[in-house]
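The values are calculated or read from the model by the stated rules, or taken from the named source; none is laboratory data. Here the structure is a predicted model, which is why all the values come from computation and not from measurement. All Cβ positions, glycine included, derive from the backbone under ideal geometry; neighbour counts span all protein chains shown. Quick note on the areas: whole protein, heavy atoms, side chains included, nothing else; ligands and nucleic acids left out. Shrake-Rupley method; radii C 1.70, N 1.55, O 1.52, S 1.80 Å.
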Amino acid sequence: MAEYHMTTPLSDEDVSKLQAGDIVYLSGTIYTARDAAHKRLVDLIEKGEQLPFDLKGSVIYFVGPTPPKPGEPIGSAGPTTSYRMDSYSPILIEHGQKGMIGKGKRNQAVKDACKKYKAVYFGATGGAGALIAKSIKKAEVIAYPELGPEAIRRLEVENFPVTVINDTHGNDLYEMGRAKYEVKD
Amino acid sequence: MREIAYDDLVKSVKAMVMHTASHLPEDALKAIEEAYRNEKSEVAKSVLKQILDNAHLAAEEDRPLCQDTGLAVFFVKVGEDVKVTGGSIRDAINQATEEAYKEGFLRASTCDCFDRHNLKDEVGYNLPAIIHFDLVPGDRIEIEYAAKGGGSENVSRATVLAPAQGKEGIKNFVKQVISDAGPNPCPPIIVGIGIGGTFEVAAKSSKHALFREAGTPNPDPELDAFEKEIKEELNKLGIGAMGMGGTQTVLAVHIEKNPCHIASLPVSVNVQCHSSRHSHITL
């Protein structure tokens, strides 16, 4: 497995070279969204309306951070479980999204979309919210403030550590890793 | 009748709730350190290292360990010879929870089941707390607390087996639950198993089992052996830290057993993520 430093927005070339198991340090702008925000984004796409940010080359982080302490950009900010976004992610990927950051398994439709439209699913370490927050330098709510922790935020990140779970070649680190260490009686 | 002032109760519970959000207890830390030492996969080892670094950073800087600061879950044993003056125990715990979550910059995570709107403004900030009361002899109030995240709760399951399925059936059910859960509950996990009672007793026991210190033996030798057997089986699944493959999936298995109906064998599995934030006080 390889290590890369990448800056958003990500291109087809960027994501195509990644393999499940690779470690990537992401820098640049990423956006936060959970289920409620995803639903709204997909509704906008279906109505042909403009999204609150440019999907092309974008990376979306599935996170609902704790409130920031005074003077800090964000509170603890680890990934939430990704399957809740499975019904929305393929549509966003079709419209240009290149990366997702979360934790936990994705369904086949998401994996197929990653392959077909060239996108990757990154895993961040769940429950490492204090540590991950250190790589988030700026945070600004850009849409749906009424959703509270689920609002869409624009984050400026530096060397945000993630691992490639699903790559553009159809590989799945969860399946590969487990197959390697499973002990069958 | 011994008396405890309402305000004192609020103060003690609030301090416990705030502290627990940022300080991983010793038992969980030790269990994760042990998993780190034993893990064979380099990828999983680096994940465990991040988890330990996060725990140290959170404690040093008093930051929430995880952004999912959980629903506040309490098991409260109230002595029959103690009385809280100036308000109810339930109100005191709810007030303490709300104040701790607000002042500690923790996340309000309670919402309506259907339209999913956050209840912080109408019910209270991260309210209601989940409180299980028990009446016991004595003049003390014993409060066990855990901040329970959603990811590990989502993979928890309960069933009622046929008595003939016995211990083998229980083991298979637990294995299926943890196998299906895979990376989702943030392994390495602690597995709470409630056996027997009625349907809801099994579920409640599986939750309470998670409050035991990880690494302590079950006082019942038969259950202790069963816990070890199940742990070994589960670690064969190869899920590993954050599901990336590895030998250390389960930090501990805790079982609580109750007498049950002659026709039934209720079993419940409650999963706890590695961020096992729990604490207790006796007043």
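Taking the alpha carbon gyration tensor of chain A, what are the square roots of 5 times its eigenvalues, largest first, to the nearest whole Å?
Semi-axes (√(5λ), whole Å): 24, 20, 16.
Add +1 for every Lys or Arg and -1 for every Asp or Glu among the other residues with Cβ under 10 Å from the Cβ of A:V183, and state the total.
Spelling it out: positives minus negatives among the neighbours equals -2.
Find how much the distance from A:K39 to A:E146 grows on full extension, using 0.36 nm per residue of separation minus their present alpha carbon separation; answer in nm with one decimal.
Net length gain for the segment: 37.1 nm.
Tell me the Rg and the Dmax, in Å, that the Cα atoms of the stretch B:45-90 produce.
Both quantities, over Cα of the stretch B:45-90: 18.1, 51 Å.
Report, in cubic angstrom per residue, the convex hull volume of the C-alpha atoms of the protein assembly as shown.
Normalising the Cα hull of the protein assembly as shown by residue number yields 146 Å³.
Hey, got a sec? Which trypsin sites (Lys or Arg not before Pro) in the stretch A:22-126 land in a DSSP loop and have at most 16 other Cβ atoms within 10 Å?
Sparse-neighbourhood loop trypsin sites (Lys or Arg not before Pro): A:K56.
With +1 on each Lys and Arg Cβ and -1 on each Asp and Glu Cβ, how big is the dipole of the protein assembly as shown about its Cα centre, in debye rounded to the nearest 20?
Here the protein assembly as shown has a charge dipole of around 820 debye.
Could you count how many Lys pairs in the stretch B:151-275 have their Cα atoms under 20 Å apart, skipping same-chain pairs fewer than 8 positions apart?
Value for the stretch B:151-275: 26.
Which of B:F114, B:F105, B:F211 ends up with the largest GNM mean-square fluctuation for chain B, with Cα atoms connected below 10 Å?
Maximum fluctuation in the GNM of chain B, among the listed residues, is at B:F114.
Using alpha carbon coordinates only, what is the Rg to Rh ratio of the stretch B:228-283, with Rh defined as the Kirkwood radius?
So for the stretch B:228-283, dividing Rg by the Kirkwood Rh gives 1.09.
Could you give the nm distance between label points at B:E80 and B:K175, where each point is 7 Å from its Cα heading toward the beta carbon?
Reported label-point gap for B:E80 and B:K175 is 4.6 nm.
Give me the orientation-averaged projected area of the Cα convex hull of the stretch B:79-203, in nm², one decimal.
Seen from a random direction, the Cα hull of the stretch B:79-203 projects 11.1 nm² on average.
Would you work out the charge dipole size for the stretch B:118-261 about its Cα centre, treating the Cβ of every Lys and Arg as +1 and the Cβ of every Asp and Glu as -1, and quote it to the nearest 20 debye?
That gives the stretch B:118-261 a dipole magnitude of about 360 debye.
What helices in chain B pass both tests, a Cα length along the helix axis of 20 Å or more and a mean Kyte hydropathy of -0.5 or higher, using whole DSSP H runs?
B:6-22, B:42-61, B:166-181
Hey, got a sec? Which trypsin sites (Lys or Arg not before Pro) in the stretch B:41-135 land in a DSSP loop and have at most 16 other Cβ atoms within 10 Å?
Those satisfying the criteria are B:R116.
With a cut-off of 8 Å between alpha carbons and a minimum separation of six or more residues, what is the relative contact order of chain A in percent?
29
Loop only by DSSP, 13 or fewer other Cβ within 10 Å of the Cβ. Give me the GluC sites (Glu not before Pro) in the stretch B:35-120 that pass, ordered by residue number.
Listed in order of number, the matching sites are B:E80.
What pairs in A:K134/B:K30; A:K137/B:K30; A:K180/B:K30 have C-alpha atoms more than 28 Å from each other?
Violating the 28 Å limit, Cα to Cα: A:K137/B:K30.
Once you place label points 7 Å from the Cα toward the Cβ at A:K47 and B:E33, how far apart are they in nm?
5.5
Given the options A:Y88, B:H278, B:I4, identify the residue whose Cα lies farthest towards the positive end of the charge dipole of the protein assembly as shown (+1 on Cβ of Lys, Arg; -1 on Cβ of Asp, Glu).
The residue sitting most towards the positive pole is A:Y88.
Check each residue of the stretch B:181-223 and keep those whose accessible area, probe 1.4 Å, is at least 50 Å² smaller with all protein chains in place than in the chain alone; give them in order of residue number.
When all protein chains are present, B:P183, B:N184 each give up 50 Å² or more of accessible surface.
Per residue, what volume in Å³ does the Cα convex hull of chain B take up?
It comes to 135 Å³ per residue, whole-number rounded.
Going by a 1.4 Å probe on protein heavy atoms, which residues of the stretch B:33-47 end up with at least 40 Å² less accessible surface in the whole assembly than in their chain alone?
Residues shielded by partner chains are B:V43.
What distance in nm separates the simple spin-label points at A:M1 and B:T216, each placed 7 Å from Cα in the Cβ direction?
3.6
Spit out the partnerless Cys residues in chain B, using Cβ distances under 4.7 Å as the pairing rule.
B:C66, B:C111, B:C113, B:C260
Within the P(r) computed for the stretch B:151-275, what percentage of the Cα pairs occupies the region above 21 Å?
31
Identify, among B:N154, A:A133, A:T8, the residue whose Cα sits farthest towards the positive end of the charge dipole of the protein assembly as shown, taking +1 on the Cβ of Lys and Arg and -1 on the Cβ of Asp and Glu, with the dipole about the Cα centre.
Among B:N154, A:A133, A:T8, the one farthest towards the positive end of the dipole of the protein assembly as shown is A:T8.
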